[in-house]
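Engineer: Got a structure for you, questions after.
Read the figures in this text as sums done on the coordinates, not as results from a lab. This is a predicted model, so every value here is computed, not measured. Cβ placement follows ideal geometry from the backbone for every residue including glycine, while neighbour counts extend to all protein chains displayed.
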Amino acid sequence: MVHGLDRGERAALIVSECLRGTLDPELAIFAGLAEQAAERGILARIAALAADFRALGLPVVHIHVAHRPDFGAFSDTNPVSAKVRRERRVLAATPQASPMPQVAPQPGDYVSTRRSGLAMWYGTDLDSTLRNLRIETVVLTGVSTNVALLAGALGATDRGYRSVLVEDAAAGASVESHTWIVANLLRLLSTIARAGEVHADLARRGAAATTTPPRPWLNTHPEDDSRPR
């Protein structure tokens, strides 16, 4: 069983930056990342996991990026952000800021959007959303293991969440960087799991929910005082 899901923790699926501006070969700012995501087949696995979470009534949270056209309040103090600004990438309301169709948000999903920075926790409502949903464990998928998912796992730890990285539903800039970061950094912060393992844990949770006898007092009306005390 996957540590972080094995005790029935309330979990949320995090779909990180699966946008056309990162994963569509015709629009991606970093071609290698888009190629890795396609070669690893991460979108199909993310879509399947999202269906599992929705079926159990667990939240799916999409991390999007949408920069202002004037790049107001945008920090370009690192090479990645400098390239984004120089090439005017992932502007709000443009095709680059739209999600990949395979993993587009569905009714009932949550979307947390940032306009600057490189990490999912910075300048977004992600933490307040998860706390209001009583989430204990975040299940990380998407891109990239180099930056966003590494920062996502560290940020989750700092905020008191458990995290699970679904290794075969995530990608980095290259095979080498992905492998090294997962083995040497992310494993110190997160449980490293495969999509099939997460699916199996969620399936067991669903089966347990359907076989647990209902407690009759949960269905009583407020004025009915016959429930156990």
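Engineer: For M120, what residues show an amide H to amide H distance below 5 Å, using hydrogens built from the backbone and excluding near sequence neighbours?
Structural biologist: G152
Engineer: Among L185, L202, L33, whose mean-square fluctuation peaks in a Gaussian network model of the chain (Cα, cutoff 10 Å)?
Structural biologist: Residue with maximal mean-square fluctuation among L185, L202, L33: L185.
Engineer: I've got another one for you. Karplus couplings for the stretch 11-20 from phi (6.51 cos²θ - 1.76 cosθ + 1.60, θ = phi - 60°), rounded to Hz, Gly and Pro as x?
Structural biologist: Couplings: 10, 10, 8, 9, 10, 8, 6, 8, 10, 5 Hz.
Engineer: Would you please state which residues of the stretch 1-26 a label at R194 would reach in this model, taking the label point 7 Å out along Cα→Cβ and a backbone N cut-off of under 16 Å?
Structural biologist: Under 16 Å, as judged by backbone N against the label point of R194, lie 1-3 of the stretch 1-26.
Engineer: Then there's this: Rounded, prolate or oblate, given the Cα gyration tensor of the stretch 30-159, with a/c below 1.5 counting as rounded? All intermediate terms of the calculation are to be shown ahead of the outcome.
Structural biologist: On the way: a/c = 1.64, a/b = 1.33, b/c = 1.23.
Because a/c hits 1.5 or more and a/b exceeds b/c, the stretch 30-159 counts as prolate.
Engineer: Running a GNM on the chain with Cα contacts under 10 Å, which residue among R115, R131, R194 ends up with the highest mean-square fluctuation?
Structural biologist: Sorting by GNM fluctuation, first place goes to R131.
Engineer: Which ³J(HN,Hα) values, rounded to whole Hz and listed in residue order, are derived for the stretch 37-42 from phi using the Karplus coefficients 6.51, -1.76 and 1.60 in 6.51 cos²θ - 1.76 cosθ + 1.60 with θ = phi - 60°, glycine and proline given as x?
Structural biologist: Calculated HN-Hα couplings, in order: 4, 5, 5, 7, x, 6 Hz.
Engineer: Helix-only estimate, please: 222 nm mean residue ellipticity of the chain, summing -39500 (n - 2.57) across DSSP H runs of length 4 or more and dividing by its residues, to the nearest 500. Kindly include the intermediate steps, with their values, before the conclusion.
Structural biologist: On the way: 8 runs with 78 residues, N = 229.
Helix contribution divided over all residues of the chain: -10000 deg cm²/dmol.
Engineer: Can you tell me the relative contact order of the chain? Whole percent, Cα pairs under 8 Å, sequence separation 6 or more. Write down the numbers at each step before the final one.
Structural biologist: Details: 398 pairs, mean separation 59.6, N = 229.
Dividing the mean separation by the residue count of the chain yields 26 percent.
Engineer: Out of all DSSP beta bridges in the chain, what portion is antiparallel? Express it as a percent rounded to 5. Provide the component values of the computation, followed by the final result.
Structural biologist: Working: 1 of 26 bridges.
For the chain, the DSSP antiparallel bridge percentage is about 5.
Engineer: Shape call for the chain from the C-alpha gyration tensor, a ≥ b ≥ c root eigenvalues: rounded (a/c under 1.5), prolate (a/b greater than b/c) or oblate?
Structural biologist: Details: a/c = 2.15, a/b = 1.74, b/c = 1.24.
Taking the square roots of the gyration eigenvalues as a ≥ b ≥ c, the chain is prolate.
Engineer: Something else about it: So what does the Cα-only Debye profile of the stretch 112-220 read at q = 0.09, 0.20, 0.21 Å⁻¹, as log10 I(q)/I(0), no solvent term?
Structural biologist: -0.30, -1.06, -1.13
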